[in-house]
Amino acid sequence: MKKTILFDLDGTLIDSTESILDGFRTAFKQQNEIYPDDEKIKSFIGYPLEIMFSKLGVKDELVDEFVKAYKSRYKSTFLDTTTLLPSAKEAVKEAYEFADLGVVTTKTSKYSVVLLEDLGILQYFSAVIGRDDVSNAKPHPEPILKALSVMKKSFEHSYMVGDTKLDAICATKAGINSVCVTCGYGKKNELEQHCKNIFKTPLEAVNFIKNL
């Protein structure tokens, strides 16, 4: 049976740190609030924007305005400031040789599709599931279950490759295997609590899956 590999985006295949931090700086500035430090924001990457702002201390009634300000800025910068991580394209091309591929991300699929096309790897994926495609974001299993449904794939021989505990927890709840990478935003000691298979790069993760 052909394997299925679902990839997270931020910190797993792409480096979007510059555009994300710029969006947060802009949102806090427009709302006349003190900007948290970069490291604090990076520690929450992987969560939906509304949860990130909430974790950063934004009052519930203001979260929507912060999200709007972020998205307005992000859409004008993300193509110019996002790059593939080292070995990411090689990993995707290698995975495509033996598996059906999908993307499961907390970004909206609207931006993700445009970004993947701009980076030259959209054609390798048969499904792109984003925050706008589900009611519940990772770590809820819905995004993975939606991807498998769209791809008409079973749980057997399916893998989720991601860089944060949210990806690993999502995979476990969805009943598929998790493989984690340390090239992104998750801390290794935190990943180790939720993921047995941890590698430095997406290419190493793909080669591990290939040889199973």
- Query: Percent relative contact order of the chain, based on C-alpha pairs within less than 8 angstrom and at least six residues apart?
  - Reply: 26 percent
- Message: Please compute, over every Cα-Cα pair in the chain, the percentage with a separation greater than 30 angstrom.
- Response: 17 percent
- Kindly report the accessible area of the range 1-125 per residue (heavy atoms of protein chains, probe 1.4 Å, no ligands, DNA or RNA), in Å². 48 Å²
- Query: Taking the Cα-to-Cβ direction at Leu212 and at Lys42 and moving 7 Å from each Cα, how far apart do the two end points lie in nm?
  - Reply: 2.9 nm
- Message: Cα atoms only: what Rg and Dmax, in Å, come out for the range 26-115?
- Response: 15.9, 51
- Does the range 115-193 come out rounded, prolate or oblate by the C-alpha gyration tensor, with a ≥ b ≥ c the root eigenvalues, rounded set by a/c under 1.5 and, if not, prolate when a/b is larger than b/c and oblate if not? oblate
- Task: Would you grab the residues whose amide H sits under 5 Å from the one on Val181? Only those 5+ places off in sequence or on another chain, please, with H modelled 1.01 Å from N.
- Result: Gly162, Asp163, Phe199
- Query: Longest segment of the chain with no trypsin sites (Lys or Arg not before Pro) in a DSSP loop having at most 15 other Cβ atoms within 10 Å?
  - Reply: 76-151
- May I ask which of Lys59/Lys196; Lys29/Lys188; Lys75/Lys188; Lys153/Lys196; Lys89/Lys138 have a Cα-Cα span longer than 29 Å here? Lys59/Lys196; Lys29/Lys188; Lys75/Lys188
- Karplus-derived 3J(HN,Hα) from phi for the range 108-121 (6.51 cos²θ - 1.76 cosθ + 1.60, θ = phi - 60°), whole Hz, x at Gly and Pro, runs 6, 5, 4, 6, 5, 4, 4, 5, 4, 5, 5, 7, x, 10
- Query: Residue separation times 0.36 nm, minus the C-alpha to C-alpha distance between Ser126 and Leu62: what's the value?
  - Reply: 19.4 nm
- Have a look at the DSSP beta bridges in the chain and tell me what percent are antiparallel, nearest 5. 10 percent
- Message: Rolling a 1.4 angstrom probe over the protein chains, ignoring ligands and nucleic acids, what is the accessible area of Leu21 in square angstrom, nearest 10?
- Response: 10 Å²
- Message: What do you get for GluC sites (Glu not before Pro) in the range 154-212 restricted to DSSP loop and a cutoff of at most 15 other Cβ within 10 Å of the site's Cβ?
- Response: Glu156, Glu192
- Query: Of all accessible surface on the range 91-210 at a 1.4 Å probe, what whole percent is carbon and sulfur?
  - Reply: 48 percent
- For the range 1-49, the spread of Cα positions along each principal axis, largest first, Å: 55, 15, 15
- Message: Please enumerate, by chain and number, the aspartates and glutamates with C-alpha under 17 Å from the C-alpha of Lys146, excluding those fewer than 8 residues away in the same chain.
- Response: Asp8, Asp100, Asp132, Asp133, Glu156, Asp167
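The values are calculated or read from the model by the stated rules, or taken from the named source; none is laboratory data. Source: prediction; values computed, not measured. Reconstructed Cβ throughout: ideal geometry from the backbone, glycine too, with neighbour counts over all protein chains shown. Heavy atoms of the whole protein, side chains included, go into the accessibility calculation; ligands, DNA and RNA do not. Shrake-Rupley method; radii C 1.70, N 1.55, O 1.52, S 1.80 Å.
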